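Okay, so here's the structure we're looking at.
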Amino acid sequence: MQAPTRPLALIVLAAGAGTRMNSDLPKPLHPLGQAPLLAHALAAAAPLDPARVVVVTGHSAAAVEAVLAEIAPEAVAIRQTEQLGTGHAVLQAAEALEGFDGDAVVLYADTPFIAPETMAAMRQARQGHDVVFLGFDAADPGRYGRLIMDGDTLVKIVEFKEANAAERAVTFCNSGLVCGDAATMMSLLGKLENDNSAGEYYLTDLAELARAAGHSVTAVRCDEAETLGINSRAELAAAEVQFQALRRAALIEDGVTMQAPDSVHLALDTVIGRDAVIEPYVVFGPGVTVETGATIRAFSHLEGCHVSAGAVVGPYARLRPGAEIGNDAKIGNFVEVKQADIGDGAKVNHLSYVGDASVGERANLGAGTVTCNYDGVMKHRTEIGAEAFIGSDTMLVAPVKVGDRAMTGSGSVITQDVPDGALALGRAKQINKAGLAIKLMDRLRAIKAGKSKG
Ligand code: UD1
Ligand code: MG
């Protein structure tokens, strides 16, 4: 008997060709919820807190490994140079797990919906059994491997190609996940043969091998929806629909208000706090956190940003990476914020671009304010003080600072720092010429009348 607290090694199979995706992008890197499929597999197992993560790469290994290094720097990539089957793939991890005293869980990089509870149930079943496979009742068993049970005992797994009519009639199918003592699994897999119709080393043969060696083998059941594998673009598109539905439901359950959930697009890592309101047609790119009680109004697009409690963003706002929106701040329509801190209670309500900037608490940026941050080669910063008032249509030519409680006149082009409390006017002085407008109009009308006669 093994306690589920044993250290855990995760082995993710990601070497397959993914031919049916018809793509230059390797299958594990195709995005779902704006994160690579591989990230979903890792996220599914993250609650089990794996001590080791081994990813078996093969097709387009360099590209997969480069992304892996970014999303899971602690993971080890092992190359399977020839794809000789799922059993052979798992065996590639043997060396990396040499001396590891704990369990191994195998899962596929292209099966993104395995619930953490299901992983936990497999770990739980390990208390009474040496090897635990994960099965599901298939509505259409198709070409899945069939789990042949005798009570609690998993007698063997028969691949579709090898199955006789009676075995093909079985609807309890293999998901591909399996869990057992790492060293035991590796030593059993060393005995695999490929004398089957595909000429492959089948991971599924582990069931029979383990029983023959006197180990107890069982299978845990999960929902078919969890085992949805992605092999084609059509399946990826269907998976996106499923992913979005699951995430929205989870957020709503956690206390988020969505007025038109089907129109809200989420990413794998989107975090939204309780009592936040998400209006229709909002898109969340990667890396967004929205705090409690914030409102994201319709048609806004957010990525790589943080919206603090009580802030209101949109409608039609764009928050780009590095946008940090303070408590109760307001970002209005057609406002773009990039790499900028907007202080608590500050307002940028209309038609503005704020980039590479800091905006102090309760500052007010008038309509059409632009931080001119780019000189064509380099980016420069704009700093706006607390309670500053930036007049409409002010161009802030960075690098530039506007002090606390300072003002800029509408239409100003600000190229020099503005001291605290000062009013800066950077525009041509107005002159009025008496009666000239009427004279000018009369002359233009006369010219037009002359032309139409001639
Ligand atoms: C496998 C199972 C089958 C199960 C099905 C569930 C075996 C022999 N069969 O079949 O019982 O019902 O999954 O989807 O295990 N891979 C490698 N290296 C290889 C071969 C595969 O990394 O040499 C990876 C693939 O990238 C993929 C996963 O393993 O992520 C599964 O391989 P795949 O060829 O799709 O297996 P199936 O034939 O679908
Ligand atoms: Mg498959």
### Query
Peptides 127-140, 36-49: what's the order by average Cβ count within 10 Å, highest mean first?
36-49, 127-140
### Message
Just the number: Rg to Rh for the range 8-227, Cα atoms, Kirkwood Rh, two decimals.
### Response
0.93
#### Entry: Residues of type aspartates and glutamates that Lys379 reaches as a straight line, Cα spacing below 14 Å, ignoring anything fewer than 8 places off in the same chain
Asp356
## Note on the structure
In whole percent, the fraction of accessible protein surface over the range 303-454 that belongs to carbon or sulfur atoms, probe radius 1.4 Å, stands at 56
### Query
What number comes out for the charge environment of Val313, summing +1 per Lys or Arg and -1 per Asp or Glu over other residues with Cβ under 13 Å away?
-1
### Task
Please report the relative contact order for the range 8-227, taking Cα pairs under 8 Å with a sequence separation of at least 6, and give it as a percent rounded to a whole number.
25
### Query
In Å², what does the accessible area per residue of the range 233-424 work out to with a 1.4 Å probe?
44
### Task
Compute the accessible area per residue over the range 1-123, keeping the other protein chains in place, probe 1.4 Å, unit Å².
42
## Note on the structure
What the 10 Å binned alpha carbon P(r) of the range 103-198 shows, as percent of pairs per bin from 0, is 14, 44, 37, 5
### Query
For the range 176-230 and the range 419-454, what is the separation of their C-alpha centers, rounded to whole Å?
84
### Task
Find how much the distance from Leu425 to Asp223 grows on full extension, using 0.36 nm per residue of separation minus their present alpha carbon separation; answer in nm with one decimal.
66.0 nm
### Expected 222 nm ellipticity per residue - DSSP helices of 4 or more, -39500 (n - 2.57), all of the chain, to 500
-6000 deg cm²/dmol
### Task
Post the alpha-carbon centroid distance, the range 108-151 to the range 55-86, in whole angstrom.
24
### Query
Hey, what angle do you get for helix 233-253 against the long axis of the chain, alpha-carbon based, 0 to 90 degrees rounded to 10?
70
### Query
For the chain, what is one quarter of the convex hull surface built on the Cα atoms, given in nm²?
33.1
## Note on the structure
Per the charge dipole of the chain (beta-carbon charges, Lys/Arg positive, Asp/Glu negative, Cα centre), the residue among Gly87, Ala323, Ile252 reaching farthest to the positive end is Ala323
### Summary
Carbon and sulfur atoms account, in whole percent of the 1.4 Å probe accessible area of the range 8-227, for 48
### Message
What's the whole-number percent of alpha carbon pairs in the range 233-424 lying beyond 24 angstrom?
### Response
40
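The values are calculated or read from the model by the stated rules, or taken from the named source; none is laboratory data. Please read these numbers as outputs of a predicted model, since none were measured by experiment. Positions of Cβ are generated from backbone atoms using ideal geometry, with glycine treated the same way; all protein chains shown enter the neighbour counts. Keep in mind that these areas ignore ligands, DNA and RNA; they rest on the heavy atoms of the full protein, side chains included. Shrake-Rupley method; radii C 1.70, N 1.55, O 1.52, S 1.80 Å.
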